[in-house]
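S.K.: This is the structure I have questions about; it appears just below.
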Amino acid sequence: MSQPRVVVVGGTGFLGSLAVTALERVGGLTVEVASRRGPLRVDMADPSTFESLRGADVVVDVADATATPPDALSTYCLEQGITFLETTSDLPAIDRMLAAKKNGDGAIVLGAGIFTGLSNLLS
């Protein structure tokens, strides 16, 4: 059995790099860093880049949801059967993801950033 593949979108930023380090310490996971300019390219404003996530088990979004809304990425994950962990505390983004129609076997986990600062604690 292969190790679960976890991709951290925004993993090159301050909080993202802390999340990557913490996940790597867990062990038993294949942790990959995704960013707009990285080797695993995921640009939240360009859904054509989401295919690089195919085969991931979990996608953790630590990118700035106010600058780059996670809506299209969360929909992609739902459709592909990927668990999507959203760390934002941006209420409009959370409301949009809650209202999104679920198509597929994926799941969205909200609340890691429901209280401002908890996203930092997660990292």
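S.K.: Across segment 38-53, in residue order, what do the Karplus-derived ³J(HN,Hα) couplings come to in whole Hz, using 6.51 cos²θ - 1.76 cosθ + 1.60 with θ = phi - 60° and x for Gly and Pro?
M.R.: After applying 6.51 cos²θ - 1.76 cosθ + 1.60, I find x, x, 9, 7, 9, 10, 4, 8, 10, x, 5, 8, 5, 4, 5, 8 Hz.
S.K.: Report, in debye and to the nearest 20, how large the dipole of the chain comes out about its Cα centre when Lys and Arg carry +1 and Asp and Glu carry -1 on their Cβ.
M.R.: Here the chain has a charge dipole of around 140 debye.
S.K.: Can you sort 61, 71 by 1.4 Å-probe accessible area, starting with the largest? Intermediate values should be presented prior to the final figure.
M.R.: Numbers: 61 0, 71 45 Å².
Descending accessible area places them as 71, 61.
S.K.: D for the chain, whole µm²/s, Stokes-Einstein with Kirkwood Rh over alpha-carbon pairs at 20 °C and 1.002 mPa s: what number?
M.R.: Details: Rh = 14.2 Å.
Stokes-Einstein gives a translational diffusion coefficient of 151 µm²/s.
S.K.: Take 17, 48 and sort them by solvent-accessible surface of the protein heavy atoms, 1.4 Å probe, largest at the top.
M.R.: 48, 17
S.K.: Which trypsin sites (Lys or Arg not before Pro) in segment 1-72 sit in a loop by DSSP (not H, G, I, E or B) and have at most 13 other Cβ atoms within 10 Å of their own Cβ?
M.R.: Sparse-neighbourhood loop trypsin sites (Lys or Arg not before Pro): 37, 54.
S.K.: Taking only protein heavy atoms and a 1.4 Å probe, what accessible area per residue, in Å², does the chain have with all protein chains in place?
M.R.: So the chain comes to 53 Å² accessible per residue, rounded to a whole number.
S.K.: Roughly how far apart, in whole Å, are the Cα centres of segment 74-94 and segment 1-32?
M.R.: What the calculation gives is 17 Å, centre to centre.
S.K.: Something else: Let me check against my output: what whole-number percent is the relative contact order of the chain, with C-alpha pairs under 8 Å and at least 6 apart?
M.R.: Numbers: 238 pairs, mean separation 27.9, N = 123.
23 percent.
S.K.: Accessible area of segment 1-69 with a 1.4 Å probe: how many percent of it is carbon plus sulfur?
M.R.: C and S fraction of accessible area: 57 percent.
S.K.: Given the options 6, 82, 45, identify the residue whose Cα lies farthest towards the positive end of the charge dipole of the chain (+1 on Cβ of Lys, Arg; -1 on Cβ of Asp, Glu).
M.R.: Result: 6, furthest along the dipole toward the positive end.
The values are calculated or read from the model by the stated rules, or taken from the named source; none is laboratory data. What you are looking at is a predicted structure, and each value in this text was computed from that prediction instead of being measured. Note that each Cβ is placed from the backbone with ideal geometry, even for glycine, and that neighbours are counted across all protein chains shown. When the accessible area is computed, the model is the full protein with side chains, heavy atoms only, and any ligands, DNA or RNA have been set aside. Shrake-Rupley method; radii C 1.70, N 1.55, O 1.52, S 1.80 Å.
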